[in-house]
Amino acid sequence: MITSIKWRNSLIAYTLLARPMVLIGIVLVYTVGSLIARALGTAYDFTAFGVGLAALLLVSIGVDYANEYADVETDALTHRTLWSGGSGVLPQGSVPQHRVLFIARLLIGLGLLTGLLATLSEILNAASLLLLIIGAVGGWVYSMPPLALAWHGWGELTNAVLGGLVLPLYGYTVQTATLTADVTLACLPFVCFIFLNMLATTWPDRHADAQVGKRTLATRWSAKHLRLLYIFAAILSYAILAALNSTLPREVLIASVPAIPLIVWAARGYTRGASPIATVIAMSTLLTLQMAAWFIVG
């Protein structure tokens, strides 16, 4: 009985470490990339989609574990929310830290091996494998040495590029085996939204981050300058959408409009409260509606 409870608690702990809400977002963004390929005329390959997703999830869970390992000190000090402050598992001591790091390396290795074998089997392709490798390496150095980008003021931009550009392009290339400039440009507005989300989710952790030497933008910039950066990134996202009006499907442009009042609401509250929920809602709305639009176009 005691052993059964121990196994159950361990399973719950390792599941929470994987940040399920983050993984759901990763699956959705990956799906958007594949739907873009479908909308542009590529025959949808469900086998490639499934294998590509399996490799992606292995890498993503490994990266999440590495991030939790790197942030254990700051997560022990901060007030956790659903979207910030980590999972809270490692500071509680419910699982050994060294084991989490080992599993992180193992999962990333298995994910890359899956991608390689699938490429050799011609289920995936060289372009998608390259993007999977970029995502794995970028996700690792985001929080881990030797670069630990999130600790030196580059985490917000790195996360935005990985999640808003590399990830949907990975989903796209799994289906097409090629990249185009138009598809790359189509991802840029969402890059801006993920950057906004990073600004919002690092704000509640700023005091804890500062105490342990994690130099996020929220620890280095004043609230006024952060708000200006937030507004600039929000305007830039829609300026890019406007510039792409002749290349993006009309349905995608229209689907992006409802997020405007939400991001205005989020901007008004940024740095004036601790919760990042307004920005999360705005980003999730843009993602969901654009995904639906690409599905309709296809």
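The values are calculated or read from the model by the stated rules, or taken from the named source; none is laboratory data. No experiment lies behind these values; they were computed from the predicted model shown. Note: ideal-geometry Cβ built from the backbone for every residue, glycine included; neighbour counts use all protein chains shown.
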* Pairs, first under 21 Å from Met283 (Cβ atoms) and touching a residue at least 24 places away in the same chain (Cβ under 8 Å) in the stretch 218-236, second outside any helix (DSSP H, G or I) and hydrophobic (A, V, I, L, M, F, W, C), C-beta under 8 Å, six or more apart -> Leu226/Trp203; Leu229/Trp221
* To do: Could you please find all residues in the stretch 87-114 being in a helix (DSSP H, G or I) and of a type in the set (Val, Ile, Thr)?
  => Val89, Val100, Ile103, Ile108, Thr114
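Table: residues versus (1) at positive phi; (2) β-branched (Val, Ile, Thr); (3) surrounded by fewer than 20 Cβ atoms within 10 Å (Cβ to Cβ).
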position	(1), (2), (3)
Val29	no, yes, no
Leu35	no, no, no
Thr42	no, yes, yes
Asp45	no, no, yes
Ile61	no, yes, no
Thr74	no, yes, no
* To do: Can you tell me which residue within the stretch 97-133, out of those that are in contact with a helix residue (DSSP H, G or I) (Cβ under 8 Å, 6 or more places away or on another chain) and among the hydroxyl-bearing types (Ser, Thr, Tyr), is nearest to Leu167 (Cα to Cα)?
  => Ser128
* Being within 26 Å of Ala208 (Cβ to Cβ) and either surrounded by fewer than 17 Cβ atoms within 10 Å (Cβ to Cβ) or among the β-branched types (Val, Ile, Thr) (or both) is the filter here, so list the residues in the stretch 270-298 that pass it. => Thr271, Arg272, Gly273, Ala274, Ser275, Ile277, Thr279, Val280, Ile281
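Matching residues to (1) at pLDDT 90 or above; (2) not aliphatic (A, V, I, L, M):
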position: Ala18; (1), (2): yes, no
position: Val22; (1), (2): yes, no
position: Ala39; (1), (2): yes, no
position: Phe46; (1), (2): yes, yes
position: Leu58; (1), (2): yes, no
position: Ala66; (1), (2): yes, no
position: Ala70; (1), (2): yes, no
position: Gly88; (1), (2): no, yes
position: Gly109; (1), (2): yes, yes
* Structure fact -> The helices (runs of 4 or more DSSP H) lying wholly within the stretch 185-298 that contain at least 2 residues that are among the β-branched types (Val, Ile, Thr) and farther than 26 Å from Ala76 by Cβ are 223-243, 250-256, 259-269, 277-297
* To do: Could you tell me which of the residues Leu90, Leu132 is touching a residue at least 12 places away in the same chain (Cβ under 8 Å), surrounded by 15 or more Cβ atoms within 10 Å (Cβ to Cβ) and over 22 Å from Ile194 (Cα atoms)?
  => Leu90
* Has the stretch 189-205 got any residue that is in contact with a Phe, Trp or Tyr (Cβ under 7 Å, 6 or more places away or on another chain), among the charged types (D, E, K, R) and crowded, with 24+ Cβ neighbours inside 10 Å? -> no
* Structure fact -> Over the stretch 115-129, the set of residues in contact (Cβ under 8 Å) with a residue 24 or more places away in the chain, part of a helix (DSSP H, G or I) and surrounded by fewer than 22 Cβ atoms within 10 Å (Cβ to Cβ) is Ala126, Ala127
* Asked: Any idea which of Tyr170, Tyr142 is buried (at least 22 other Cβ atoms within 10 Å of the Cβ), in contact with a helix residue (DSSP H, G or I) (Cβ under 8 Å, 6 or more places away or on another chain) and in a helix (DSSP H, G or I)?
  -> Tyr170
* Asked: For the stretch 219-233, how many residues meet the condition of being in contact with a Phe, Trp or Tyr (Cβ under 9 Å, 6 or more places away or on another chain) and either buried (at least 24 other Cβ atoms within 10 Å of the Cβ) or among the polar types (S, T, N, Q) (or both)?
  -> 0
